[in-house]
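S.K.: Okay, here's the structure, questions in a sec.
The values are calculated or read from the model by the stated rules, or taken from the named source; none is laboratory data. All figures in this text were calculated on a predicted structure; none of them were measured in a lab. Every residue, glycine as well, gets a Cβ built from its backbone with ideal geometry; the counts of neighbours run over all protein chains shown.
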Amino acid sequence: MCTRDGFGLGGLPLLSDAETRSISAENPKGEKGAGATAVNHLGAGWKGRPCITLGNGKTTTLAEIEGPGVIQHIWITVSDTGPRGRTVLRDLVLRFYWDGEEQPSVESPLGDFFANGHAMRCRINSLPVAVNPLGGMNCYWPMPFRSSARISVTNEHGDAVGSFYYQITYALTDVAEDAARLHAQWRRENPVTYHKEYTIVDGIEGRGHYVGTYLAWTQLSSGWWGEGEVKFYIDGDAEHPTICGTGTEDYVGGAWGFGGETYSTPFLGYPLFHKVEGEIIKHGLYRWHVMDPIRFRSGLRATIQDLGFTPQPTGYEPLTDDISSMAYWYQTEPHAPFPELPGAKARWPR
């Protein structure tokens, strides 16, 4: 909880002095009594401005809020096919800034932030993230801020992208002194270096807790690909981690190679197994550490091995797949600078 107002079913009966506001194309500043003022042929208030167009190469501010407060829900939808092809969900970049910071605490391609990697739609039925037909992307990660919050989207598609719909709902309310800020970072290695662990996140400095991983995995080798262990190096761990899992499918709550089945649950999921004749196989996996956050006091690093298995002749064998990842965590500010986000072409899926 960030405040006494809290979240979830347990807090619903409690009265609160919090003020609910919501930003959308129909009320861009979230002002009281200022929604649905645009005019169309039916008059004022009749869906006069439900969406916006994102100019080519332009950064659009979706929300600029004075705090204290907590962002409670974000909903966004846009066509995954744009004028220049099926890359929109990787070409649009979300950035979140807390309390006047100059460097973003959240930086991600649009789709990957909502566990939709590969610039491809995929249904997600989890607690903090839900993606519903046909591409309604929802986020319920609580996002507290004290003085201000700013959310922007940058269009790197190479052409204007129209029909961008969004709604950002938040509470203006006191925020507890010990409430940390949400951070999220995207990375990719294409292909992964042979016999070297893939880095999900590195360089986290400060106190906080790690709350989620999403992996968009493009399989470039035949056979089973998911033997890799997930490792968390906590507070100065060097050669060996404090936490080490037993395999990729195990980390997301599955077992024995998934048996060819997909699933999406409140905290764990393997929602995407894209296997089409003539195309490279693609996987999507998530693990939300909501009930089991990984606490750190001074720093954190997380990795995963790109490891396959063949019965003969070697058994376990490192692979060189194309892996993208999202890491989600809460921490005190200031945060360490993020690595530079690769350009649009370097983010495109295979």
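S.K.: From the residues in the stretch 136-155 that are touching a Gly at 6+ places or on another chain (Cβ under 9 Å) and surrounded by fewer than 21 Cβ atoms within 10 Å (Cβ to Cβ), which one is nearest to Gly8 (Cα to Cα)?
M.R.: Filtering first and then ranking leaves Arg146.
S.K.: Name the residue, out of Thr87, Thr59, that is in contact (Cβ under 8 Å) with a residue 60 or more places away in the chain, among the polar types (S, T, N, Q) and surrounded by fewer than 16 Cβ atoms within 10 Å (Cβ to Cβ).
M.R.: From the options Thr87, Thr59, the qualifying one is Thr59.
S.K.: Taking interchain pairs and intrachain pairs at least six residues apart, which have beta carbon atoms under 6 angstrom, with the first residue in the stretch 319-339 and of a type in the set (Ser, Thr, Tyr) and the second in a loop (DSSP other than H, G, I, E, B) and modelled with pLDDT of 95 or more?
M.R.: Going by the 6 Å Cβ cut-off, the qualifying pairs are Thr320/Pro191; Thr320/Val192; Thr320/Tyr194; Ser324/Gly117; Tyr330/Ala180; Thr332/Ala180; Thr332/Gly206; Thr332/Arg207.
S.K.: Checking Lys345 against (1) in the same structural domain as His195 (by TED's automatic domain parsing); (2) more than 19 Å from Gln185 (Cβ to Cβ), only one condition comes out false. Which one?
M.R.: Lys345 satisfies every listed condition except (1).
S.K.: Also, I was wondering about something else. Of these, Ala238, Ala216, Ala255, which one is of a type in the set (Gly, Ala, Ser) and either surrounded by 21 or more Cβ atoms within 10 Å (Cβ to Cβ) or assigned by TED's automatic domain parsing to the domain that holds Ile74 (or both)?
M.R.: Ala216
S.K.: Look through Ser264, Ser298 and report the one residue that is touching a residue at least 24 places away in the same chain (Cβ under 8 Å), surrounded by fewer than 13 Cβ atoms within 10 Å (Cβ to Cβ) and farther than 19 Å from Tyr198 by Cβ.
M.R.: None of the other options fit; the residue is Ser298.
S.K.: Looking only at the stretch 180-208, filter to residues that are basic (Lys, Arg) and either in contact with a helix residue (DSSP H, G or I) (Cβ under 8 Å, 6 or more places away or on another chain) or outside any strand (DSSP E or B) (or both); which one of those is farthest from Tyr270 (Cα to Cα)?
M.R.: Taking the candidates together, the pick is Arg207.
S.K.: Could you list, in sequence order, the residues of the stretch 80-107 that are part of a strand (DSSP E or B) and over 15 Å from Ser148 (Cα atoms)?
M.R.: Answer for the stretch 80-107, where residues must be part of a strand (DSSP E or B) and over 15 Å from Ser148 (Cα atoms): Gly82, Gly85, Leu92, Val93, Leu94, Glu107.
S.K.: Then there is this: Restricting to the stretch 130-180, count the residues that are touching a Leu at 6+ places or on another chain (Cβ under 8 Å), closer than 16 Å to Pro104 by Cα and of a type in the set (Ser, Thr, Tyr).
M.R.: Residues meeting the conditions: 2.
S.K.: Provide a single number: the residues in the stretch 141-176 that are closer than 25 Å to Phe338 by Cα and either modelled with pLDDT under 95 or assigned to a loop (DSSP other than H, G, I, E, B) (or both).
M.R.: Looking only at that region, the number is 7.
Residues are listed down the side, and each one gets a yes or a no for (1) modelled with pLDDT of 95 or more; (2) under 21 Å from Ala149 (Cα atoms); (3) surrounded by 13 or more Cβ atoms within 10 Å (Cβ to Cβ):
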{"site": "Glu19", "(1), (2), (3)": "yes, yes, no"}
{"site": "Ser22", "(1), (2), (3)": "yes, yes, yes"}
{"site": "Glu26", "(1), (2), (3)": "yes, yes, yes"}
{"site": "Gly30", "(1), (2), (3)": "yes, yes, yes"}
{"site": "His41", "(1), (2), (3)": "no, no, no"}
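S.K.: Just a yes or no: is a residue in the stretch 73-83 of a type outside the set (Ser, Thr, Tyr), surrounded by fewer than 19 Cβ atoms within 10 Å (Cβ to Cβ) and over 23 Å from the mean Cα position of the chain (by Cα)?
M.R.: Yes, the stretch 73-83 has at least one match.
S.K.: Of everything in the stretch 8-35, what is over 25 Å from Leu127 (Cα atoms) and touching a Phe, Trp or Tyr at 6+ places or on another chain (Cβ under 8 Å)? Give them in sequence order.
M.R.: Matches in the stretch 8-35: Ala25, Gly30.
S.K.: Also, I was wondering about something else. If a residue counts only when it is under 28 Å from Ala336 (Cα atoms), which strands (runs of 3 or more DSSP E) contained entirely in the stretch 209-325 have at least 2 such residues?
M.R.: Ranges flagged: 230-234, 281-288, 294-296, 299-304.
S.K.: Let me ask something else about it. What do you reckon, is Gly117 among the small types (Gly, Ala, Ser) and assigned to a loop (DSSP other than H, G, I, E, B)?
M.R.: Taking the combined requirement at face value, the residue satisfies it.
S.K.: Let me ask you something else. Restricting attention to the stretch 326-350, and to residues there that are of a type in the set (A, V, I, L, M) and assigned to a strand (DSSP E or B), which single residue is nearest to Gly223 (Cα to Cα)?
M.R.: Checking each candidate, the answer is Met326.
S.K.: I would also like to ask the following. Taking Lys275, is it within 25 Å of Gly315 (Cα to Cα) and in contact (Cβ under 8 Å) with a residue 40 or more places away in the chain?
M.R.: Judged against the criteria, Lys275 is not a match.
S.K.: Among all residue pairs at least 6 apart or on different chains, which show Cβ distances below 6 Å where the first residue, located in the stretch 237-254, is free of Cβ contacts under 8 Å to residues at least 60 places away in the same chain and the second is in a helix (DSSP H, G or I)?
M.R.: Gly245/Tyr251; Glu249/Phe258
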